[in-house]
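Here's the structure we're looking at; comments come further down.
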Amino acid sequence: MDIGLADEGRKRILWARRHMPVLERIREEFDREKPLLGVRVTACLHVTVETANLVYALIAGGASVALTASNPLSTQDDVAAALASDGVSVYAIRGESDEQYYEYLEEALKIKPHVTLDDGADTIAVVHEKHPDLIEGIRGGCEETTTGVIRLRAMADDGALGYPVIAVNDAETKMMFDNRYGTGQSTLHGIMNATNVLFAGKTMVVAGYGWCGRGLAMRARGFGSNVVVVEVDPRKALEAVMDGYRVMPMTDAARIGDIFVTVTGDTSVIRREHFELMRDGVIVANSGHFNVEIDIPALDETAVSVKSVKEDVVEYKLPSGKRIYLLAEGRLVNLASAYGHPSEVMDMSFANQALAVKYISENYNKLENKVYAVPTEIDRTVARLKLDAMGIKIEELTPEQKNYLSSWTMGT
Ligand SMILES: NC(=O)c1ccc[n+]([C@@H]2O[C@H](COP(=O)([O-])OP(=O)(O)OC[C@H]3O[C@@H](n4cnc5c(N)ncnc54)[C@H](O)[C@@H]3O)[C@@H](O)[C@H]2O)c1
């Protein structure tokens, strides 16, 4: 780690803090009330300016935190340096190998956490597979992303989950804003940074029309792209049609797309048969959690040459002579090639995280080894604080309306 980057990191962390008023209020409250005194937290999150502010909020509440990256390419080295120079245990460096990634996770677990914070469920997986002895001391965990929640629900269904987890991802104040507006904007930012390509007039194929896909399609259309959606769920596909996009299978989309982005949380969404159909010079990127949505091994096998043409852009030449440009090794392009989500949306995601850690610390005795939703009260509090910070007032129910809405006897 280059500790000389700490000053730059600190400036950027403070800049982000100005755009995270909800988390800042929670940090101040934590500082006064110390609800996390003595709580040890292992956090496996993208090491960004926003995460740094979450870490400072937890520390203000009395917690000690060991932080490791949740993706080998998502660490902002200046942020890691700033945190380390403030005495936080940080194990992360941009471009770390897969082996280092897991070594660092092991290091971060050495504090014997009471609470784990995940973005993709890697900490929980490692605890269960390699350190089941730690489970007894763990009061609960929080999961930040859709892919992690899917893994954890599968564990819970198998009766394999050893401690309770709160699915922070599923809070409305997370999913509706972070996944949609955050991923929508920052994915395009990542593609722009890596390629400086013009979106106007291009055909952009968006695979997956969930929260992230909706945001991405909406923003790409705003830039003037012709958006094609590829979906497997007929309801989401129908929604995409009614939202005005063309919907088709990947085999058809592969023939007409200029830029392809996967946001499905699934594997091998773009694979050999699709690469072969693509036009010369297409750009392929992923913004889903793991780097498996694009079948990179198949691309490697098919290609007659593979070369890095600029930072974050690798050219694969196929036997036909056609070239495919893969961005950021197929890892989350918004984090690898840009800053990740804007601080304003991470404000809400991490406010949910901070309050969920507090909730676990106060209620762990009552929780079972299940995946829990974020308590509605926390979700509403986050929305209320955000509106307050934006200076927006909303309508309130009158007593008569409350009565009407809770009654089943009033009809025509
Ligand atoms: N880049 C980021 O910063 C960021 C932020 C939030 C979430 N994520 C990740 O993005 C992914 C999507 O998250 P989400 O919240 O939109 O999930 P979601 O469940 O709301 O949407 C995923 C969609 O993909 C569709 N899908 C699944 N397999 C498919 C296939 N083979 N072809 C086409 N469509 C397919 C599903 O039907 C679903 O509609 C997850 O991996 C999540 O962890 C990334």
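Please go through segment 164-208 and give me each residue that is farther than 21 Å from MET278 by Cα, touching a strand residue (DSSP E or B) at 6+ places or on another chain (Cβ under 7 Å) and assigned to a loop (DSSP other than H, G, I, E, B), ordered by number.
PRO164
Which pairs have Cβ atoms under 8 Å, sit 6 or more apart or on different chains, and link a residue in segment 188-213 that is at positive phi to one that is more than 11 Å from the ligand (Cβ to nearest atom) and modelled with pLDDT of 95 or more?
GLY201/GLY224; GLY201/SER225; GLY201/ASN226
It is to be established whether one or more residues within segment 372-379 are assigned to a helix (DSSP H, G or I), closer than 15 Å to ALA57 by Cβ and of a type in the set (S, T, N, Q).
No, segment 372-379 contains no residue that is assigned to a helix (DSSP H, G or I), closer than 15 Å to ALA57 by Cβ and of a type in the set (S, T, N, Q).
What's the total number of residues in segment 156-183 that are away from the ligand (no atom under 12 Å from the Cβ) and of a type in the set (Phe, Trp, Tyr)?
The total comes to 1.
Looking at segment 220-236, which of its residues are within 9 Å of the ligand (Cβ to nearest atom) and in contact with a Phe, Trp or Tyr (Cβ under 7 Å, 6 or more places away or on another chain)?
Once the filter is applied, which keeps residues that are within 9 Å of the ligand (Cβ to nearest atom) and in contact with a Phe, Trp or Tyr (Cβ under 7 Å, 6 or more places away or on another chain), segment 220-236 yields VAL229, GLU231, LYS236.
Does ASP133 qualify as being over 30 Å from ARG32 (Cα atoms) and among the charged types (D, E, K, R)?
yes
Taking segment 128-158, which residues are in a helix (DSSP H, G or I) and over 23 Å from the mean Cα position of the chain (by Cα)?
Once the filter is applied, which keeps residues that are in a helix (DSSP H, G or I) and over 23 Å from the mean Cα position of the chain (by Cα), segment 128-158 yields GLU129, LYS130, PRO132, ASP133, LEU134, ILE135, GLU136, GLY137, ASP157.
Counting only residues that are in contact with a helix residue (DSSP H, G or I) (Cβ under 8 Å, 6 or more places away or on another chain), within 15 Å of the ligand (Cβ to nearest atom) and over 30 Å from GLN76 (Cβ atoms), give me the helices (runs of 4 or more DSSP H) lying completely in segment 240-353 with at least 3 of them.
250-256, 272-275
Pairs, please: C-beta under 6 Å, at least 6 apart or cross-chain, first residue surrounded by fewer than 24 Cβ atoms within 10 Å (Cβ to Cβ) and in segment 57-76, second of a type in the set (Lys, Arg)?
ALA60/ARG27; GLY62/LYS34; SER64/ARG40; LEU73/ARG331
Since ARG27 meets every condition but one in (1) buried (at least 21 other Cβ atoms within 10 Å of the Cβ); (2) within 29 Å of GLY265 (Cα to Cα); (3) of a type in the set (D, E, K, R), which condition does it not meet?
Status for ARG27: all satisfied but (2).
Pairs only if they're at least six apart or on different chains, beta carbon under 6 angstrom, first in segment 282-294 and farther than 19 Å from ARG180 by Cα, second aromatic (Phe, Trp, Tyr) and more than 7 Å from the ligand (Cβ to nearest atom); list them, first residue then second.
As it stands, the answer is ILE283/TYR325; VAL284/PHE260, since those pairs meet every condition given.
The values are calculated or read from the model by the stated rules, or taken from the named source; none is laboratory data. Because the structure is predicted, anything quoted here is derived from the model rather than measured. In this analysis, Cβ positions are derived from the backbone assuming ideal geometry, glycine residues included, and neighbour counts consider all displayed protein chains.
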